[in-house]
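Report on the following structure.
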2 protein chains.
Amino acid sequence: MGALERGRFAEEMMLDLTDCCGSGPESEPASAHNHHKSTIERSVKVLLQGLGEDGEREGIRRTPLRVAKAFAQGTRGYRQKVREIVQGALFPEAGLDNGAGYAGGDGGLVVVRDIDLFSYCESCLLPFSVQCHVGYVPSGQRVLGLSKLSRVADVFAKRLQEPQRLANEICAALQNSINPAGVAVALNCWHIEFLAALQCNPNPRHPSIHGMQGWLCTSVCSSSGVFKQDGSSSFWDDFVALLKFRGVNLELEPPIQPWCPSRSLELPQCNGNSTGSISNGRLSSKTVVTQSDMISAVALILESLGEDPLREELIGTPYRYVQWLLNFKRSILEPKQNGCNLSGLSSHMRIGGGVSNSPDEIHSELNLPFCSQCEHHLLPFYGVVHVAYFGGEEGEAIERAFLQSIVHSYGCKLQLQEKMTRQIAEAIFSVLSKGVMVVVEASHICMISRGIEKVGSSTATIALLGQFANDSIAKASFFQTISKSTALGG
Amino acid sequence: MGALERGRFAEEMMLDLTDCCGSGPESEPASAHNHHKSTIERSVKVLLQGLGEDGEREGIRRTPLRVAKAFAQGTRGYRQKVREIVQGALFPEAGLDNGAGYAGGDGGLVVVRDIDLFSYCESCLLPFSVQCHVGYVPSGQRVLGLSKLSRVADVFAKRLQEPQRLANEICAALQNSINPAGVAVALNCWHIEFLAALQCNPNPRHPSIHGMQGWLCTSVCSSSGVFKQDGSSSFWDDFVALLKFRGVNLELEPPIQPWCPSRSLELPQCNGNSTGSISNGRLSSKTVVTQSDMISAVALILESLGEDPLREELIGTPYRYVQWLLNFKRSILEPKQNGCNLSGLSSHMRIGGGVSNSPDEIHSELNLPFCSQCEHHLLPFYGVVHVAYFGGEEGEAIERAFLQSIVHSYGCKLQLQEKMTRQIAEAIFSVLSKGVMVVVEASHICMISRGIEKVGSSTATIALLGQFANDSIAKASFFQTISKSTALGG
């Protein structure tokens, strides 16, 4: 951690910034808070219009409000002060006599493992998932209330971040505020693939221990005091050993550079063609929103969150976030324009894919990956689609690659899981109309962020068309097939 | 669900109760809220005094405030209204043509799995852990925002509960507020053992899939509409099939009766010997606090939480909670009075327990279970203790049962994990003073409740005395031994 960062830190920890007087966004002066929120709402409206959406459509009418709330919640760390969290949470705890060893309030290593957090990537504005492990060595016969380690880590997670900086900031904040003999922080971070997952990649490059297929995983560490790895003490080794008990192996996931996959996008030169219709609020449904307008809108969001859009790491962020969103632009991704014209489906049929060529045979394709964007929160949801269908009259089946492109077409827009499930089923049913069954299993980022924080939750939806609606044996058999393909099923 | 319960429901959902006008405790009139909080604080002071604690001791001086906050947070569901949560979160989603099947906004099953919650047991006031799975079948071309299923479930979890009632209330609230074709709720609930875990039980009766050794697990279900298991539809079967994909098997964990282990305690007849010193606030450090005073104090807490202490299910709760607390009473559990007098340790030594009888040999005992009570929050923390030590001069080792009783002695009081770790190490070191190492791994209920909700987190602490403080090879070898004994270690 350089001198510059340390300086920024001291400032954050000591100064009474005007919007910093309490422990949460609630304490920000209401007028300023509302001003920022309505700026974000206006900016999100620009983004929706840039994506070809009708902002008055019932499903997304209140999306700008929801997104503004989510951003405020996800960056509340800017308005929190570590000192206030730690205050009053240092408790007396005796140590050992000098030389007797290490225990308790002097030298007794404390480690809290597996704290689930999420943060926002400063390079692309997408949330990333964090599993945080914190250790410290008490000194001065004082120990910290255990939950404070989690609360302090969360203050820095709830900002625009990058893994190494997040680890450094948590470490420095704990070191400065509780002044122990040392602090160790290890983070496992998962970032969604920027494009690969969208490009129907069935074999993601980085399958991870977190069960997040198609996510990039990296591990970073930060340490201070007695944890410094200069060989003078073995506290770092003890910290690593205690993490191993929980299956956390810091050596297995070397840091990835650059961490955010969007950093491989080349930034365009200066864009001078903004229509200027955003900042003054003159947006009507007729206004043509350019990419440049969208980028300006995201820069406004950054500013409203209390960030400096000209900070070096944030320069390209509005561009990158807009590129992410444009993956889900409505007009260019409707099935017909996407090489997924169902009327040409027959060319993707294969005969005799199954055991027999009978029309009674059920064909199935499991684990077709997808990544979509929740239209309520502009946040990704991702997972797999399982499809079963009765073959054509001569037992024809559909190529897996073509099913994948159907999934891709209906996934790549602002969506609902329920709607996507129905649309995929209807698309297949339109050519193979005896019976179709679609099961979609997904994780929703909006269920782990936004204060809900149900990290392990997952959502399943079903569509049953034609014969599958009544044939419980066919249905049960497909459920069985899916069960066998998952580790947990049985 | 009987007519009576339905009645109570309608009331909760419709009426504008005075302290019910917002979505959180913050909206309760400040004066009433503060009054309740200070009543709870006073009551907790009585409980601490009844446990033989010095309420002015620095570690527990603010415990009454922390406990009052935790209770308010843990029962905030009494002040929340389902209707306000669901409001505005029903979104349009097309269904299928009549007879074509089931999908989308008409008949398209939606299931959210693995929502982690916690609730408070109405029989004993201890928190219990809940894994909640909710399904519903949309109708009227309307789907509910997915996070609302979790938020509604949480409203009923954050009350004094019993698993079956919790499932019924979540189910009925969703059915009444969103009016779908049907709702299914399945809960896996884990309740800490009331006494067994404290009695050094190394082979808990109900090891559970949740990794909570020594916890009682039960599964309950509730359903409405098309999920009714009368054979007229297969939605229930589909719900069960989708849970199986995630390893949730409803048939494996039959309901336990009675659910709360404290229900096996026999309630005493009327207790008339309260000193009456609580309600009028005349508590001084000289006041003798009887068990009856403690029971009255808990009844006051129930009342302050908005509950009726005379409600049938709550009649014995104050008595049972006090019995739980009394397991951790200071005076009766100091090592000396607990059959764990260290001066008699020699009678628990065995010779030649290891490979050789050399004093250089390291002996170890792994996974000694314990359950303690966090002195900051009056909430349990539980886990295992690993002990290593150099044998006596003739290679003597300590019987496992005796080590377990040392662990028990230092666990069974209001404690800190850091202090317990040090105390166990010092106790062993006092008789085998060449070298002792103690590792304590614990889960803290105060880390999963109270708004922290870091469900998977765990805490590890170390004490290193004598030779272990400098002998990194001995230490590494013990870490290796522990790793081998856990499934995840490697």
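The values are calculated or read from the model by the stated rules, or taken from the named source; none is laboratory data. Small disclaimer: the values here were computed from a predicted structure and weren't measured. Neighbour counts are summed over all protein chains in view; Cβ atoms, including those assigned to glycine, are modelled from backbone coordinates with ideal geometry. Heads up: the accessible areas ignore ligands, DNA and RNA and are worked out on the full protein's heavy atoms, side chains in. Shrake-Rupley method; radii C 1.70, N 1.55, O 1.52, S 1.80 Å.
Scanning residues 5 or more positions from B:K413 or on other chains, those with amide H under 5 Å from its amide H are B:Q373, with H placed 1.01 Å from N in the peptide plane.
The listed residues B:M349, A:M437, once ranked by accessible area (1.4 Å probe) with the largest placed first, stand as B:M349, A:M437. Please list, in order, the residues from the stretch A:145-188 whose amide nitrogen is less than 17 Å from a point placed 7 Å along the Cα→Cβ vector of A:R311. Output list for this probe position: A:153-173. Rounded to the nearest Hz, the phi-derived 3J(HN,Hα) couplings of the stretch A:430-446 under the Karplus curve 6.51 cos²θ - 1.76 cosθ + 1.60 (θ = phi - 60°) are 5, 10, 10, 9, 7, x, 9, 10, 10, 10, 10, 10, 9, 10, 10, 4, 5, where x marks glycine and proline. The HN-Hα couplings worked out from phi for the stretch B:322-330 by the Karplus form 6.51 cos²θ - 1.76 cosθ + 1.60 (θ = phi - 60°) are 5, 4, 4, 4, 5, 4, 10, 5, 4 Hz, whole numbers, x standing for Gly and Pro. With both labels modelled 7 Å from their Cα along Cα-to-Cβ, the A:Q141 to B:E266 distance reads 4.8 nm. Extension gain for B:E58-B:E84 works out to 5.2 nm (0.36 nm per residue, less the C-alpha to C-alpha distance).
Computed log10 I(q)/I(0) for the stretch A:81-264 at 0.10, 0.12, 0.19 Å⁻¹: -0.42, -0.58, -1.24, from the Debye equation with unit scatterers placed on every C-alpha and solvent omitted. Of the cross-linked pairs A:K69/A:K413; A:K158/B:K158; A:K37/A:K158; A:K413/A:K475; A:K45/A:K148; A:K454/B:K419, those separated by over 27 Å at the C-alpha level are A:K413/A:K475; A:K45/A:K148; A:K454/B:K419. Residues in the stretch A:300-316 carry Karplus couplings, in order, of 5, 4, 4, 5, 5, 6, x, 9, 9, x, 8, 4, 3, 5, 9, 3, x Hz; the curve used is 6.51 cos²θ - 1.76 cosθ + 1.60 with θ = phi - 60°, and Gly or Pro positions show x.
The solvent-accessible area of B:E394, taken with every protein chain present and a 1.4 Å probe, is close to 120 Å². According to the Kirkwood relation over distinct C-alpha pairs, the hydrodynamic radius of the stretch B:429-475 is 12.7 Å.
Measuring with a 1.4 angstrom probe and ignoring ligands and nucleic acids, B:H35 comes out at about 110 Å² accessible. Annotation for the stretch B:132-193 versus the stretch A:39-76: alpha-carbon center distance of 28 Å.
For B:G140, the label point sits 7 Å beyond Cα toward Cβ; its separations from the matching points on the remaining copies run 6.0 nm, from shortest to longest. For B:G140, neighbours were defined as the other residues whose beta-carbon sits under 12 Å from its Cβ, and their charges (Lys and Arg +1, Asp and Glu -1) total -1.
For GluC sites (Glu not before Pro), the sites in the stretch B:44-90 that DSSP calls loop and that have at most 14 other Cβ atoms within 10 Å are B:E56, B:E58. Scanning chain A for the beta carbon that comes closest to the axis linking it by rotation to B yields A:E453, 3, distance in whole angstrom.
Label-point spacing at A:N249 relative to the other copies reads 2.9 nm, in ascending order, each point sitting 7 Å out from Cα along Cα→Cβ. Using a simple spin-label model with pseudo-atoms 7 Å out from Cα toward Cβ, B:K228 and B:N367 lie 4.7 nm apart. A:S443 contributes an accessible area of around 40 Å² to the protein surface, as traced by a 1.4 Å probe with all chains present. Multiplying the residue separation of B:R400 and B:D360 by 0.36 nm and subtracting their alpha-carbon distance yields 12.5 nm.
Projecting 7 Å from Cα along the Cα-to-Cβ direction, the label point of B:D97 sits 9.0 nm from its equivalents in the other copies, listed shortest first. Against the criterion of solvent-accessible heavy-atom surface with a 1.4 angstrom probe, B:R113, B:R57 sort, most first, into B:R57, B:R113.
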